[in-house]
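Undergrad: This is the structure, below, for whatever I ask next.
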Amino acid sequence: MEIRELLSIAIARNASDLHLLANFAPTVRVNGDLHPLVTLPKLEAVEIDRLIFSLLTPLQKELLIANKELDFSTVIEMEGGVTVRFRGNAYYQKNTLSASFRLIPTKIKSIEELRLPPILREFTKLRQGLVLVTGPTSSGKSTTLAAMIQEINLSACVHIVAIEDPIEYVFFGGKAIISQREMYQDTNSWRNALKNVLREDPDVVYLGEIRDFETISAALTIAETGHLVFSTLHTNSTSQSIDRIIDIFPATQQSQVRMQLSMVIVGIITQRLIPTPEGTRVPACEILIGSASIKNTIREGKTHLIDNIIQTSADTGMMLFEDNLKDLVEQNIITHETALEYAIRPDTYIQMTQR
């Protein structure tokens with residue numbers, strides 16, 4: 001069997017992911033649950049090598065062997081000339097090559113179609129500042145960011161520069177011009193890409209992920225120089241996102257970073273995908289807006305107060321995660337038991353339901 005046949009099966013099953021591991025049958029993830037393709041034989045290590053290397057360029061193969069892991073993207077063509085894009089990650093486990101593939105929908109859904117809070121549209125109208133979409137792995141962060149970038153693309157005559165590893169959603173057909181740069185294809189390193197982005201006359205900068213000291217520093221600086229910056233971060237709440245950014249810096253720099261972050265932060269969206277009784281998933285969000293009280297709290301290092309500020313600032317558009325869960329339960333979209341299971345602060349959710 002060829003890799004494109006396996007990817008086609010994932011598409012036909014409406015899967016979000018495909019996993020290839022030695023001594024396991026190919027496995028797909030549908031609506032959050034894993035399903036082995038039991039009609040197919042278990043994969044041998046040599047077979048996985050052949051499948052994965054068939055997708056890689058010589059440089060990518062060299063990087064994978066040297067670094068033991070690699071992010072990449074691939075496109076397959078379906079009947080009728082329709083192309084489908086996948087984000088791949090190849091890695092070694094037990095000294096054998098493995099891979100996971102994430103299906104990237106061809107159509108970029110709008111904020112409304114994704115059932116995201118309308119306040120997200122307001123973030124796309126800003127001229128400068130830092131907007132973060134955070135959450136655990138497979139929580140829909142990239143999809144949400146794509147919807148926001150597409151909103152800008154369709155409504156504003158601006159230059160959007162995206163730096164991704166790898167490119168996921170492909171943007172086209174709007175008022176904006178969009179430069180999408182993929183690591184190791186269009187640039188040799190994050191350092192070079194971030195160093196040169198301001199020379200490319202951007203209005204909006206999209207960083208696929210804030211992952212380390214270097215990218216966080218660059219995001220803050222780019223936003224500070226009058227640009228609108230979007231990125232993602234792996235954290236579980238909006239207040240944790242603030243702490244994560246500050247904690248990555250040495251103690252001697254944290255006071256300065258708190259000041260810098262307080263000046264540029266305009267919004268943080270934390271989200272998770274919540275299963276419904278029908279077997280689908282819907283996003284639940286926590287929304288932080290960079291209000292004067294939030295900025296002051298960040299400057300003073302009192303991030304433990306952020307949850308309370310969010311909870312008491314609903315009139316400004318802020319929303320605690322548990323508030324959104326409660327709304328979804330009241331709309332009969334998810335069950336009370338599911339909301340309690342996925343709540344970031346279960347005690348807070350229980351208190352809300354008893355009012």
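The values are calculated or read from the model by the stated rules, or taken from the named source; none is laboratory data. Just so we're clear, the structure is a prediction, and the values are computed from it rather than from any experiment. No Cβ is skipped: glycine too gets one built from the backbone with ideal geometry, and neighbour counts run over all protein chains shown.
Undergrad: Report those strands (runs of 3 or more DSSP E) wholly inside the range 177-281 carrying at least 2 residues which are touching a Gly at 6+ places or on another chain (Cβ under 9 Å).
TA: Here the list reads 228-233, 265-275.
Undergrad: I'd like the residue in the range 149-172 that is in contact with a strand residue (DSSP E or B) (Cβ under 8 Å, 6 or more places away or on another chain) and of a type in the set (Asp, Glu) and, out of all such residues, is modelled with the highest pLDDT.
TA: Checking each candidate, the answer is 164.
Undergrad: Name the residue that is nearest to residue 73 (Cα to Cα), counting only residues in the range 1-17 that are touching a helix residue (DSSP H, G or I) at 6+ places or on another chain (Cβ under 9 Å) and hydrophobic (A, V, I, L, M, F, W, C).
TA: Selected residue: 3.
Undergrad: Residues that are in the same structural domain as residue 280 (by TED's automatic domain parsing) and in contact with a Phe, Trp or Tyr (Cβ under 7 Å, 6 or more places away or on another chain): find the helices (runs of 4 or more DSSP H) completely inside the range 305-344 holding 1 or more of those.
TA: 321-330, 336-342
Undergrad: Could you list, in sequence order, all residues of the range 277-307 that are within 18 Å of residue 325 (Cα to Cα) and either surrounded by 13 or more Cβ atoms within 10 Å (Cβ to Cβ) or hydrophobic (A, V, I, L, M, F, W, C) (or both)?
TA: 281, 282, 283, 284, 285, 286, 287, 288, 307, listed by residue number.
Undergrad: If you check residue 200 against the conditions, is it in contact with a strand residue (DSSP E or B) (Cβ under 8 Å, 6 or more places away or on another chain), of a type outside the set (Gly, Ala, Ser), within 23 Å of residue 125 (Cα to Cα) and at pLDDT 95 or above?
TA: yes
Undergrad: Going by what's in this entry, would residue 297 be described as of a type in the set (Val, Ile, Thr) and either in a helix (DSSP H, G or I) or out of contact with any helix residue (DSSP H, G or I) (no Cβ under 6 Å at 6 or more places or on another chain) (or both)?
TA: Criteria met by residue 297.
Undergrad: Let me ask something additional. Mind checking whether some residue in the range 257-264 is touching a Lys or Arg at 6+ places or on another chain (Cβ under 7 Å), in the same structural domain as residue 215 (by TED's automatic domain parsing), under 23 Å from residue 118 (Cβ atoms) and in contact (Cβ under 8 Å) with a residue 12 or more places away in the chain?
TA: The answer is no, given that none of the residues of the range 257-264 is touching a Lys or Arg at 6+ places or on another chain (Cβ under 7 Å), in the same structural domain as residue 215 (by TED's automatic domain parsing), under 23 Å from residue 118 (Cβ atoms) and in contact (Cβ under 8 Å) with a residue 12 or more places away in the chain.
Undergrad: So, in the range 167-185, of the ones that are under 21 Å from the mean Cα position of the chain (by Cα) and charged (D, E, K, R), which residue ends up farthest from residue 101 (Cα to Cα)?
TA: 181
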